[in-house]
1. Go through (1) of a type outside the set (V, I, T); (2) part of a helix (DSSP H, G or I); (3) over 11 Å from V13 (Cα atoms) and name the single condition G42 misses.
2. Say we look at the stretch 79-96 and pick out the residues that are within 16 Å of A23 (Cα to Cα) and within 12 Å of the chain's Cα centre (by Cα); which of these is surrounded by the most Cβ atoms within 10 Å (Cβ to Cβ)?
3. Failed condition for Y73, given (1) in contact with a Lys or Arg (Cβ under 9 Å, 6 or more places away or on another chain); (2) in a helix (DSSP H, G or I); (3) within 23 Å of D87 (Cα to Cα), with all others met?
4. When residues of the stretch 13-39 are filtered for being of a type in the set (D, E, K, R) and in a helix (DSSP H, G or I), how many remain?
5. Out of the residues in the stretch 49-61 that are under 13 Å from the mean Cα position of the chain (by Cα) and part of a loop (DSSP other than H, G, I, E, B), which is nearest to K25 (Cα to Cα)?
6. Among residues belonging to the stretch 49-60 that are exposed (fewer than 12 other Cβ atoms within 10 Å of the Cβ) and free of Cβ contacts under 8 Å to residues at least 24 places away in the same chain, point out the one that is nearest to I39 (Cα to Cα).
7. Collect the residues in the stretch 61-91 that are in contact (Cβ under 8 Å) with a residue 12 or more places away in the chain and charged (D, E, K, R), keeping them in residue-number order.
8. All but one of (1) touching a strand residue (DSSP E or B) at 6+ places or on another chain (Cβ under 9 Å); (2) surrounded by 10 or more Cβ atoms within 10 Å (Cβ to Cβ); (3) at pLDDT 95 or above hold for V76; which doesn't?
Amino acid sequence: MKKDMNNKNKKAVALFYKEGFNAPKVIAKGKGEIAEKIIDVGKKQNVEIYEDKDLIDELIKLNLHDEIPPQLYEAVAKIVFFVYQLDKEKGEYDEE
């Protein structure tokens, strides 16, 4: 029963960025079971999962396909750097 309570409180947002975007965009978001599915898909695709309860509260307010607002650029940039460092340690990025 406790797992169900944790599931109801779980939140997830997936961001996507590519050249040409001004900022990363929200491509998936949800709470509860939807959040679990977003996380499961990310794990299956070897996407790094980053947890930040304060940031998720801000990101979940955005609409799908919205770019993150400028006030979140710094927080999201830290996540991008964190993920880049993990990928680099795994050898997924070559040194130039």
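1. (3)
2. Narrowing the stretch 79-96 to residues within 16 Å of A23 (Cα to Cα): 79-81.
Filter once more, so that each one left must be within 12 Å of the chain's Cα centre (by Cα): 79-80.
Values: I79: 15, V80: 13.
This residue is I79.
3. (1)
4. Pass one, the stretch 13-39, residues of a type in the set (D, E, K, R): 18-19, 25, 29, 31, 33, 36-37.
Pick out the ones that are also in a helix (DSSP H, G or I) and you get 33, 36-37.
Total satisfying the criteria: 3.
5. So the first thing to find is which residues in the stretch 49-61 are under 13 Å from the mean Cα position of the chain (by Cα), and the list is 49-60.
Those left that are additionally part of a loop (DSSP other than H, G, I, E, B): 49-52, 60.
Working: I49: 16, Y50: 16, E51: 18, D52: 17, I60: 12 Å.
For the stretch 49-61, the residue satisfying everything is I60.
6. Just the residues of the stretch 49-60 that are exposed (fewer than 12 other Cβ atoms within 10 Å of the Cβ), to begin with: 49, 51, 53-54, 57.
Now drop any that are not free of Cβ contacts under 8 Å to residues at least 24 places away in the same chain, which leaves 49, 51, 53-54.
Values: I49: 7, E51: 11, K53: 15, D54: 18 Å.
Filtering the stretch 49-60 for residues that are exposed (fewer than 12 other Cβ atoms within 10 Å of the Cβ) and free of Cβ contacts under 8 Å to residues at least 24 places away in the same chain, the one nearest to I39 (Cα to Cα) comes out as I49.
7. Correct list: D66, E67, D87.
8. Condition not satisfied by V76: (3).
The values are calculated or read from the model by the stated rules, or taken from the named source; none is laboratory data. Since the model is a prediction, treat every value here as computed from it, not as a measurement. FYI the Cβ positions are ideal-geometry reconstructions off the backbone, even for glycines, and counts take in every protein chain you see.
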